[in-house]
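Visitor: Okay, handing you the structure first.
Derivation of every value follows stated rules applied to the coordinates shown; laboratory data play no part. This one's a predicted model, so the numbers in the text were calculated from it and none came from an experiment. Methodologically, a virtual Cβ is constructed for each residue, glycine included, from the backbone with ideal geometry; neighbour enumeration extends over all protein chains shown.
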């Protein structure tokens with residue numbers, strides 16, 4: 001039986017948040033920090049002011065960066081699901097099968113339920129836990145959903161890509177609060193920001209909280225409120241103009257969250273960490289499934305770094321990132337290496353939480369790097385391990401190995417060549433061999449990629465043949481009214497998804 005959708009109004013929610021924030025809460029001294037962990041989606045490295053953007057303004061993020069640490073070598077995985085899995089587990093995604101692409105909407109797999117996740121660890125230590133925004137670690141079975149994985153409160157999307165106004169994909173609503181579908185109007189970035197501010201205003205200094213604030217902006221489809229687009233009339237390229245509006249709206253909502261912390265008196269005891277889930281999209285193949293962007297000028301700017309989302313080059317996984325905690329994080333540029341897996345043990349240490357229930361962590365505690373700019377204990381980054389390719393960084397050296405025919409090997413010294421222009425593999429055969437052996441050893445440990453198993457099962461399954469007809473017409477591979485996002489029928493068919501094509505700010 002389908003659950004009746006809840007009805008909410010973003011304007012009332014924002015007003016309630018503002019009213020609740022009028023009574024500041026006294027801050028207890030010596031308290032464990034609140035953690036506001038903000039993740040952007042497919043943000044280009046150079047699309048924020050603190051990394052040199054000149055045509056997009058991000059004053060709130062720039063203020064956080066200016067008053068805290070800006071990271072020059074903050075690494076994630078190169079795609080969404082793998083990065084989010086690394087954040088939640090403190091372990092590389094090749095260990096549990098999430099190393100290849102993202103979890104597709106029709107897929108039935110998710111993050112292994114035997115992994116003990118970060119919110120579970122922090123909850124054990126007395127933290128209130130919330131996810132507001134995008135999950136994308138399993139949606140086809142409730143056992144994968146965030147409320148079942150340690151989060152006390154949940155609001156937002158379960159999959160990876162959705163229309164910003166209808167909150168749906170393929171005619172299926174993907175917008176939930178605490179496991180119940182929510183139908184409401186509004187632009188997702190602003191809905192997420194308002195809900196995060198309201199959540200903060202419900203907290204007190206007596207109980208620390210972890211807020212995993214995961215905006216779907218500026219992921220495709222490229223959509224923004226008209227007033228934000230109008231701010232960028234000076235940008236000639238239309239998709240870049242819309243994208244700029246998306247980024248500035250994201251920045252404004254982050255400003256709303258910081259203001260809520262200030263108004264509640266919680267700001268001084270709150271660590272804010274911001275980063276993207278991967279580099280900006282530079283290849284239309286990785287731009288999403290909802291729209292055909294093969295003829296669109298992709299708007300993301302990764303600055304000097306090579307390529308972007310989905311690739312093993314630096315542009316795919318070296319991301320925009322900063323951290324701020326008044327009086328606790330020294331304002332400076334931090335060059336030490338940090339990887340997404342390091343956040344689990346770092347947050348656990350700050351929270352006084354035990355990691356005894358976890359499987360062996362790949363992450364290391366990098367608090368001294370974040371707070372003081374000290375040398376990083378991390379000397380190796382496993383960019384990825386897949387059956388057909390892999391990459392590893394050891395010190396300044398980075399190896400990219402594509403094992404499928406035709407094979408290729410690339411070796412770069414990132415200290416002298418951070419933009420990966422000069423392949424040195426021919427000059428250092430011993431180093432290449434050693435780093436290949438490292439990847440081979442990890443490959444022997446790796447779980448089978450669940451995405452490849454899923455794709456093979458779908459592609460090789462016996463189904464209705466698609467036979468060409470005169471005039472080139474074929475049967476549509478997906479029914480026109482979309483599909484449920486779970487086998488049980490959870491995921492309401494959106495009765496206003498047809499408005500999508502009529503929306504004036506929808507970019508195809």
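Visitor: For the pair residue 234 and residue 141, how long in nm is the line joining their label points, each one 7 Å along Cα→Cβ?
Guide: Computed distance between label sites residue 234 and residue 141 equals 5.3 nm.
Visitor: Full extension from residue 456 to residue 297: what is 0.36 nm times the residue separation minus their Cα-Cα distance, to one decimal in nm?
Guide: 54.1 nm
Visitor: Now a separate question. How many angstrom separate the Cα center of region 159-207 from the Cα center of region 219-281?
Guide: 16
Visitor: At 222 nm, what helix-only mean residue ellipticity would the chain give, in deg cm²/dmol to the nearest 500, using -39500 (n - 2.57) for each DSSP H run of four or more?
Guide: One gets -7500 deg cm²/dmol as the mean residue ellipticity at 222 nm.
Visitor: Over what distance in Å are the Cα centres of region 342-366 and region 48-110 separated?
Guide: Measuring centre to centre over Cα atoms gives 18 Å.
Visitor: Based on the Cβ-Cβ distance of residue 434 and residue 359, what FRET efficiency does E = 1/(1 + (r/R0)^6) give at R0 = 41 Å, to the nearest 0.05?
Guide: That gives a FRET efficiency of 0.90.
Visitor: Beyond 18 Å, how much of the Cα-Cα pair distribution for region 384-445 remains, as a whole percent? Walk me through the numbers before you get to the answer.
Guide: On the way: 553 of 1891 pairs.
Everything past 18 Å amounts to 29 percent.
Visitor: Could you compute the FRET efficiency for residue 374 and residue 469, with r as their C-beta to C-beta distance and R0 at 45 Å, rounded to 0.05?
Guide: With a Förster radius of 45 Å, E is 0.10.
Visitor: Let me ask something else. Just the Cα atoms of region 151-243, one point each, no solvent: what log10 I(q)/I(0) does Debye give at q = 0.11, 0.15, 0.17, 0.21 Å⁻¹?
Guide: Debye curve over Cα of region 151-243, log10 I(q)/I(0) at q = 0.11, 0.15, 0.17, 0.21 Å⁻¹: -0.39, -0.67, -0.81, -1.07.
Visitor: Continuing with this model, one more query. With each label point set 7 Å from Cα along the Cα-Cβ vector, what nm distance links residue 441 and residue 113?
Guide: Between residue 441 and residue 113, the label points sit 3.5 nm apart.
Visitor: So for region 180-338, considering every pair of alpha-carbon atoms, how many percent are separated by more than 19 Å?
Guide: Roughly 63 percent, once rounded to a whole number.
Visitor: Evaluate the distance, in nm, between pseudo-label points positioned 7 Å from the Cα of residue 185 and of residue 422 along their respective Cα→Cβ axes.
Guide: So the label points at residue 185 and residue 422 sit 5.9 nm apart.
Visitor: Mind ranking 147-153, 189-195 by how tightly packed they are, going by the mean number of other C-beta atoms within 10 angstrom, highest first?
Guide: 189-195, 147-153
Visitor: Plugging the Kirkwood radius over Cα pairs into Stokes-Einstein for the chain, at a temperature of 20 °C and a viscosity of 1.002 mPa s, what D comes out in µm²/s?
Guide: Here the translational diffusion coefficient equals 92 µm²/s.
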